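Inspection log for the structure reproduced underneath, given as structure tokens.
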Amino acid sequence: MAPVKRGVIVDVGSGRGEFTSQLKRRNPNSRVIGIDRDPSSKTRIKMSTVEFFSRLKNPERVKKVWLNHVDIISREAFQEFEHMVKTIPSGTHIMLTVRRERLQQVKHALTACSKYGIKINSEQEYNPKMIGSETTKKFYEEAHSSGNTQKMPIRIVAVKM
Ligand SMILES: C[S@@+](CC[C@H](N)C(=O)[O-])C[C@H]1O[C@@H](n2cnc3c(N)ncnc32)[C@H](O)[C@@H]1O
């Protein structure tokens with residue numbers, strides 16, 4: 001995936017922050033921000049998605065938002081996601097990584113956001129050539145070695161029109 005030249009990339013649910021670091025290395029000309037609501041996470045910005053996007057001074061600078069293995073299905077999680085979707089500018093890419101067993105529910109949640117201009121651009125099975133968090137890599141190895149395709153990580157790219 002081509003680096004984002006300028007603007008802001010947000011890693012929602014960044015946990016230990018290693019994926020955020022990968023994003024920083026790949027996008028040296030962008031501001032990469034990891035957020036996580038868990039106070040015990042390694043992330044500097046310990047905030048929920050709603051808090052972060054409500055406080056963001058220049059939301060129009062957001063170009064890409066990553067959600068790797070972050071719940072958007074449960075009622076509370078969907079409300080947070082919906083708030084984010086309303087806040088981000090047109091043209092923002094939303095990159096989600098989910099296990100195949102969750103794919104239909106996640107696509108359903110994205111379809112529910114179509115009224116805000118969200119459209120699914122692509123979905124692709126994860127492979128090790130792609131950028132991925134430690135969790136994604138672990139899930140891939142597990143699914144690959146057990147042959148349980150329901151556990152395979154899938155990368156969805158959605159865009160706000
Ligand atoms: C399963 S972990 C995945 C961590 C990392 N993205 C990865 O792939 O290794 C999910 C993380 O998302 C965080 N999280 C979940 N919902 C969130 C929200 N609405 N706002 C901020 N962080 C959230 C959790 O605290 C947790 O650290």
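The values are calculated or read from the model by the stated rules, or taken from the named source; none is laboratory data. Computed from a prediction, not measured in an experiment: that's the story for all the values here. All Cβ positions, even for glycine, are placed from backbone atoms using ideal geometry, and neighbour counts span all protein chains on display.
Residues in segment 122-161 that are of a type in the set (V, I, T) and touching a Pro at 6+ places or on another chain (Cβ under 9 Å): T135, T136. Condition first: of a type outside the set (D, E), within 21 Å of G117 (Cα to Cα) and touching a residue at least 24 places away in the same chain (Cβ under 8 Å). Can you find one or more residues in segment 17-29 that meet it? No; the residues of segment 17-29 include none that is of a type outside the set (D, E), within 21 Å of G117 (Cα to Cα) and touching a residue at least 24 places away in the same chain (Cβ under 8 Å). Reported count of residues in segment 44-84, each being within 8 Å of the ligand (Cβ to nearest atom), part of a loop (DSSP other than H, G, I, E, B) and of a type outside the set (D, E, K, R), is 4.
Could you identify the single residue in I9, I35 that is modelled with pLDDT of 95 or more, touching a Phe, Trp or Tyr at 6+ places or on another chain (Cβ under 6 Å), surrounded by 15 or more Cβ atoms within 10 Å (Cβ to Cβ) and β-branched (V, I, T)? Answer to the check: I35. With respect to the stated conditions, M95 is surrounded by 16 or more Cβ atoms within 10 Å (Cβ to Cβ), of a type outside the set (G, A, S) and not in a helix (DSSP H, G or I).
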